[in-house]
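Notes follow the structure.
Taken together, the values in this text are just the output of simple stated rules run on the coordinates, not laboratory data. None of the values given here were measured: they were computed from a predicted structure. A quick note on method: Cβ atoms are made from the backbone with ideal geometry, for glycine too, and the neighbour counts reach across all protein chains shown.
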Ligand SMILES: [Zn+2]
């Protein structure tokens, strides 16, 4: 199935908000809450991970129709332009300074014209026109 948006933490982690809304029974429906819970479970299993923050700039890219970053631990945590953060479920880091291209909306629109999720990819430095040219070369309808 192809989605009609470029996916991020909301869709992949089934969370609704970035931070807890303190609604009883819904504390784990935020990205922060789900991350806290996952890292706590890893610690219970003896893994030496902690939730910690990094404000070092880290570039977002789009892979198979999802926004993500390349974490230093080799995991690829999800992000989104709306939230601007990426929480790593591998090493516990919370990247708080994810860098998106100014034209992220146009980039998403052009990629969403591609019917197959695995063809929705963007790397920093590729322009909207580059993506349009790729679409034309592959016969994607505008
Ligand atoms: Zn990581």
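Among the residues of the stretch 2-20, are any within 16 Å of the ligand (Cβ to nearest atom) and either farther than 30 Å from residue 139 by Cβ or free of Cβ contacts under 8 Å to residues at least 40 places away in the same chain (or both)? If you could, list the steps in order and put the result at the bottom.
Let us first name the residues in the stretch 2-20 that are within 16 Å of the ligand (Cβ to nearest atom), namely 9, 12-13.
Subsequent filtering for residues that are either farther than 30 Å from residue 139 by Cβ or free of Cβ contacts under 8 Å to residues at least 40 places away in the same chain (or both) retains 9, 13.
Scanning the stretch 2-20, I find at least one residue that is within 16 Å of the ligand (Cβ to nearest atom) and either farther than 30 Å from residue 139 by Cβ or free of Cβ contacts under 8 Å to residues at least 40 places away in the same chain (or both), so the answer is yes.
Among the residues of the stretch 126-142, those identified as under 24 Å from residue 79 (Cα atoms) and surrounded by 15 or more Cβ atoms within 10 Å (Cβ to Cβ) are 126, 128, 131, 132.
Please verify whether the stretch 55-68 includes one or more residues that are over 19 Å from residue 125 (Cα atoms) and touching a residue at least 24 places away in the same chain (Cβ under 8 Å). Write out each step before concluding.
Step one: filter the stretch 55-68 for residues over 19 Å from residue 125 (Cα atoms), giving 55-56.
Checking which are touching a residue at least 24 places away in the same chain (Cβ under 8 Å) leaves us with 55-56.
Within the stretch 55-68, one or more residues are over 19 Å from residue 125 (Cα atoms) and touching a residue at least 24 places away in the same chain (Cβ under 8 Å).
Working only within the stretch 68-104, note down all residues that are near the ligand (Cβ under 8 Å from one of its atoms) and touching a strand residue (DSSP E or B) at 6+ places or on another chain (Cβ under 8 Å). Once the filter is applied, which keeps residues that are near the ligand (Cβ under 8 Å from one of its atoms) and touching a strand residue (DSSP E or B) at 6+ places or on another chain (Cβ under 8 Å), the stretch 68-104 yields 71, 72, 73, 77, 88, 92, 93. The numbered conditions (1) outside any loop (DSSP other than H, G, I, E, B); (2) over 16 Å from residue 12 (Cβ atoms) are all true for residue 118 except (2). Close Cβ contacts (under 8 Å, 6 or more residues apart or on different chains) running from residues in the stretch 86-98 that are within 15 Å of residue 8 (Cα to Cα) and without any contact (Cβ under 8 Å) to a residue 24 or more places away in the chain to residues that are near the ligand (Cβ under 9 Å from one of its atoms) and outside any strand (DSSP E or B) comprise 88/71; 88/73; 88/75; 88/77.
Out of all the residues in the stretch 114-125, is one or more buried (at least 18 other Cβ atoms within 10 Å of the Cβ) and either within 16 Å of the ligand (Cβ to nearest atom) or at positive phi (or both)?
As a first pass, look at the stretch 114-125 and keep what is buried (at least 18 other Cβ atoms within 10 Å of the Cβ): 114, 120, 122.
Subsequent filtering for residues that are either within 16 Å of the ligand (Cβ to nearest atom) or at positive phi (or both) retains none.
No.
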